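Asks: So that we are looking at the same thing, I have put the structure below in structure tokens.
The values are calculated or read from the model by the stated rules, or taken from the named source; none is laboratory data. On a predicted model such as this, the values are computed, not experimentally measured, just so you know. Reconstructed Cβ throughout: ideal geometry from the backbone, glycine too, with neighbour counts over all protein chains shown.
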Amino acid sequence: MRDWMLMLIAGLAAAVIPFQAVVNGRLGRALEHPLYAAFFSFLGGTIALTILVLATTPGIPSWPKENPTPWFYFIGGLLGVVFVTTILIVTPQIGPANVLAATVVGQLTMAIIIDHFGILGVPIIPVSLPRLLGVLMLFGGLLLIQTR
């Protein structure tokens, strides 16, 4: 039951993504450059997260001494720049439904690869026929969503 509740929460959180794609895309057009829109998107997020951190945490975290943190744990923001900037460039051209359907297919395809090989230390979950069929069905959904 707990897993279903967490999936519901994740699904509800993901419901803001189409709005983010549209407003970022429109901001890019309004500012006449997608990188300006990406900058202001991340600036707004940074300000909001700073307020959230200051309001909910008891001070500055200590740097781990015994177990050094791998460098690649810190590239999440860079990966976010790639994703957000791409989405805000593409959304005004093909629409949020097409963009988000493509991102879901891409994300789940890569997630299955990450699971299968245990990339970045995640628990290994081997590729299975049901998982492959699920991605193929999502790809079919992507093709259907593109019809007008």
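Asks: Can you find even one residue in region 29-46 that is assigned by TED's automatic domain parsing to the domain that holds PRO18, without any contact (Cβ under 8 Å) to a residue 12 or more places away in the chain and of a type in the set (Lys, Arg)?
Replies: No, the conditions are met nowhere in region 29-46.
One line per residue, one yes/no per condition, for (1) modelled with pLDDT of 90 or more; (2) within 20 Å of LEU88 (Cα to Cα):
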position: MET5; (1), (2): yes, no
position: ALA14; (1), (2): no, yes
position: PHE19; (1), (2): yes, yes
position: LEU31; (1), (2): yes, yes
position: LEU43; (1), (2): yes, yes
position: LEU49; (1), (2): yes, no
position: GLY59; (1), (2): no, no
position: SER62; (1), (2): no, no
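Asks: Report those helices (runs of 4 or more DSSP H) wholly inside region 36-145 carrying at least 3 residues which are closer than 20 Å to PRO18 by Cα and among the hydroxyl-bearing types (Ser, Thr, Tyr).
Replies: Fully inside region 36-145 and qualifying: 76-94.
Asks: Ok, one more. Hey, among ILE124, ILE114, which residue is among the hydrophobic types (A, V, I, L, M, F, W, C), at pLDDT 95 or above, surrounded by 12 or more Cβ atoms within 10 Å (Cβ to Cβ) and not assigned by TED's automatic domain parsing to the domain that holds VAL22?
Replies: That would be ILE114, the only listed residue that is among the hydrophobic types (A, V, I, L, M, F, W, C), at pLDDT 95 or above, surrounded by 12 or more Cβ atoms within 10 Å (Cβ to Cβ) and not assigned by TED's automatic domain parsing to the domain that holds VAL22.
Asks: A further question on this structure: Does ALA48 meet the test of being surrounded by 10 or more Cβ atoms within 10 Å (Cβ to Cβ) and at negative phi?
Replies: yes
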